[in-house]
Protein chains: 2
Amino acid sequence: MSATDPQRITLIGLGTIGMSMAALHLTRDNTIVDIFDTRPDIEEYLLKTLPNFLTNNESGSNPSPTVNDLITSGRLHIHTTLASACASATIIQEQGPENLEFKQSIWAQVESLAPKMAHFWTSTSGIAASAQQANMVDKTRLLVVHPFNPPHIMPLLEIVPSPSTAPERVDFAREYFSLPPGESRHRPVVIKKEIPGFVGNRLAFALLREACYLIQEDVVSVKDLDTILMASLGPRWAGNGVFESYQQGGGEGGIKAFLEKLGGTMQEVWGGLGEVNVLGNEKMEWKEKVIRQTDEAYGTLSKEGVWEKEERLKDFIAAQSRRYGKGE
Amino acid sequence: MSATDPQRITLIGLGTIGMSMAALHLTRDNTIVDIFDTRPDIEEYLLKTLPNFLTNNESGSNPSPTVNDLITSGRLHIHTTLASACASATIIQEQGPENLEFKQSIWAQVESLAPKMAHFWTSTSGIAASAQQANMVDKTRLLVVHPFNPPHIMPLLEIVPSPSTAPERVDFAREYFSLPPGESRHRPVVIKKEIPGFVGNRLAFALLREACYLIQEDVVSVKDLDTILMASLGPRWAGNGVFESYQQGGGEGGIKAFLEKLGGTMQEVWGGLGEVNVLGNEKMEWKEKVIRQTDEAYGTLSKEGVWEKEERLKDFIAAQSRRYGKGE
């Protein structure tokens, strides 16, 4: 089966990520989406919540279909048992609780219920496929598809196979999210080794740790640190990766020249980066200060605030696609 | 003297940063720029190079003045001695070599040559004002104004006073780069303590260190890591700072809820972040691999490539200013 064929996707777990994933799949013309979630009011919740994600997905002037349209036309099904949800799937994607026992149990069940060829994807941000598959008979089918929030807008999907995952399963996932070629707003990347946090969150958390340390040391406030990031690294990294930026920064000598020129400052910084913890009792002085200053700076984000931020994210991604849309 | 008054700015050192700074100052109507650089062909070099920066600075349909226009109208002066360059300055800004002896020597000279009230700014990325001012009599006048490349486009300016810098000197620099109010494309931020790398580069280098470690460990390639950054964190941080993003990511519970939910993965990542060096003999395995993969991925950037990247950077910053332009 090719990734360009019609797909029937079962989504297990319809929290925020699941809802956004449903919207992602439903914008493709040749998909059917089957939904399974244990909350008793799932139908009502879906009718109320999914339209926000479908509207967000609109790229042109064609109105999005309503949830009722999708149900009536047979493109969206709500199931009350895992068995019926999995029965006809070509892809089964899980966004349940981040809990190892849950994941191991659900995949063993899914394996016994799903068609033999179906692909198994977990949206986990933290539990490797090799750990999740412990109770499965065939360990070649499962891989991580880690999205960034919200997946229907954010282009990145980290595809992280376990050492047992079959290479054709990896190829299929990458191809699916790259469709249609040259037009997909998504950019799947295969991670070659399982590692905690995968790549995107490792990079984010490395920066966050230093950010928390700088707040702890009163070098800068939460609000000013955010301004610094938005006024420099954010727009730079929206247009160029970190290595590409430093290749450019080094002029004709590229990143090699950059590392020589800035090596002294860089080594001084690397040697003195802050070391703080988020769990435990030691090196926790930053935490209360960061939470307090963040609350003071931003309060609780309103629905309008979140919507405005998503619009902005779409702006930046649209500016990128003027480049990536041409497949460069 | 207020920052809104006409200013006469002496620029010492006209490399890439100095040239971009000249363009930044010359886009303001009430400035005169005096230039001093030791290269013998400075006039020829300026006539050839500065127009690229002035064109980049155009925001509307008014054509930029030519360098000859600026010289003829008395807005731009080229000097052959430091004494004549400094004689009438209200601001003296230095972008010379990143070398402590040079900085200490130039500021002692400048202090003896410049008008009593002139402000002293250094564009250093690594040498604190408290170290640079060692040979000055009055240590209240000097502060760091660290720009991000290229300063005529990039909004951030890190203003880093030494413990001896007078508060009104800090206020003046911040006010100058904020002009005109609500319209300036620049966003100056005051850093409260001197620290190696200041804030922007500490955050960048924290992320870079982990990026280099992930290349060393073959978790991902240079090209794929750059794609990951551009497809997730770049556009996110172009629109929201890191703390604001996690405040949003935590939903109603804000960043506190986020830290609780992701704390396990985050602690595992923080505890296992890569430790590599850029100088010395140990932990250097990443370096050759990063340079080779970066060269393979990007080669030497062409003039057109650099121009295209600057256009893109301006796109992202324009998208931001739809928010910041309103002073929100």
Sort largest first and round to whole Å: the equivalent ellipsoid semi-axes of segment A:227-293, each the square root of five times a Cα gyration tensor eigenvalue. 31, 17, 9
Chains B and A together, accessible area buried on both sides, 1.4 angstrom probe, square angstrom: 10500 Å²
Compute the label-point distances linking B:D138 to its equivalents in the other copies; points lie 7 Å from Cα along Cα→Cβ; give nm, one decimal, shortest first. 8.1
Measuring label to label, 7 Å along Cα→Cβ, what does B:A318 give against each other copy in nm, shortest first? 1.2
Per residue Cα convex hull volume in Å³ - calculated over segment B:203-249: 80 Å³
Computed Kirkwood radius, in angstrom, where 1/r is averaged over Cα pairs of segment A:160-210: 12.6 Å
State the Cα centre-to-centre distance between segment B:1-53 and segment A:150-204 in whole Å. 47 Å
What is the magnitude of the charge dipole of segment A:125-218 about its Cα centre, with +1 placed on the Cβ of each Lys and Arg, -1 on the Cβ of each Asp and Glu, and no other charges, expressed in debye to the nearest 20? 240 debye
Net charge dipole size for chain B [Lys, Arg +1 and Asp, Glu -1 on Cβ; Debye, nearest 20]: 660 debye
Treating segment B:1-138 as a set of equal point scatterers at the Cα positions, no solvent, please give the Debye-formula log₁₀ I(q)/I(0) at q = 0.18 Å⁻¹. -1.03
Over segment A:231-328, what is the relative contact order in whole percent, taking alpha-carbon pairs under 8 Å and six or more residues apart? 15 percent
Once the mean 1/r over all distinct Cα pairs of chain B is inverted, what Kirkwood radius in angstroms do you read off? 22.0 Å
Surface accessible to a 1.4 Å probe, per residue, for the residues of chain A, Å²: 40 Å²
Paramagnetic reach from A:T80 in segment A:13-44 [backbone N under 16 Å; point 7 Å along Cα→Cβ]: A:35-44
With +1 on the Cβ of every Lys and Arg and -1 on the Cβ of every Asp and Glu, and nothing else charged, how large is the dipole of segment A:236-328 about its Cα centre, in debye rounded to the nearest 20? 320 debye
Over the Cα atoms of segment B:104-149, what Rg and Dmax result, in angstrom? 10.4, 32
Taking the alpha carbon gyration tensor of segment A:103-183, what are the square roots of 5 times its eigenvalues, largest first, to the nearest whole Å? 22, 14, 11
Return the subset of A:K314/B:K303; A:K309/B:K309; A:K314/B:K223; A:K223/A:K287; A:K289/B:K256; A:K116/A:K139 for which the Cα-Cα distance in this structure is over 20 Å, preserving the input order. A:K314/B:K303; A:K309/B:K309; A:K314/B:K223
In cubic angstrom, how much convex hull volume per residue do the alpha carbon atoms of segment B:109-242 span? 142 Å³
What value does segment A:174-328 have for Rg/Rh, both radii from Cα atoms and Rh as Kirkwood defines it? 1.00
Whole-number percent relative contact order across segment A:142-260, with pairs defined as alpha carbons under 8 Å at least 6 apart: 15 percent
Principal axis extents for segment B:249-328, Cα atoms only, whole Å, descending order, please. 47, 42, 20
222 nm mean residue ellipticity, helices alone, for chain B (DSSP H n ≥ 4; -39,500 (n - 2.57); rounded to 500): -15000 deg cm²/dmol
Kirkwood-based shape ratio for segment A:64-115, expressed as Rg/Rh from alpha carbons: 1.06
Projected onto the charge dipole of segment A:142-237 (unit charges on the beta-carbon of Lys, Arg, Asp and Glu, signs +1, +1, -1, -1), the Cα from A:I191, A:V222, A:A204 with the largest positive-side position is that of A:I191
List, shortest first and in nm to one decimal, how far the label point of B:W307 (7 Å from Cα along Cα→Cβ) is from its counterparts in the other copies. 4.2
Find the Cα radius of gyration of the protein assembly as shown, compare it with 2.2 N^0.38 Å by division, and give the number to two decimals. 1.03
Any idea how far apart A:D69 and A:E44 come out in nm if each label point goes 7 Å out from Cα toward Cβ? 2.6 nm
What is the distance, in nm, between label points placed 7 Å from the Cα along the Cα-to-Cβ direction at B:D218 and at B:A108? 5.5 nm
Projected onto the charge dipole of segment B:1-160 (+1 at Lys/Arg Cβ, -1 at Asp/Glu Cβ, origin at the Cα centre), which of B:M117, B:H146, B:L82 gives the Cα projection farthest towards the positive end? B:M117
Express the relative contact order of chain B as a whole percentage, based on alpha carbon pairs under 8 Å and six or more residues apart in sequence. 13 percent
How much of the accessible area of segment B:1-160, in percent, comes from carbon and sulfur atoms when a 1.4 Å probe is used? 54 percent
Computed label-point distance, nm, for sites B:D295 and A:N281 using a 7 Å Cα→Cβ extension: 5.3 nm
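The values are calculated or read from the model by the stated rules, or taken from the named source; none is laboratory data. All values derive from a computational prediction rather than experimental measurement. Please note: Cβ atoms are built from the backbone with ideal geometry, for glycine as well, and neighbour counts cover all protein chains shown. For the accessible areas, the whole protein counts, side chains as well, though only heavy atoms, and no ligand, DNA or RNA atoms are used. Shrake-Rupley method; radii C 1.70, N 1.55, O 1.52, S 1.80 Å.
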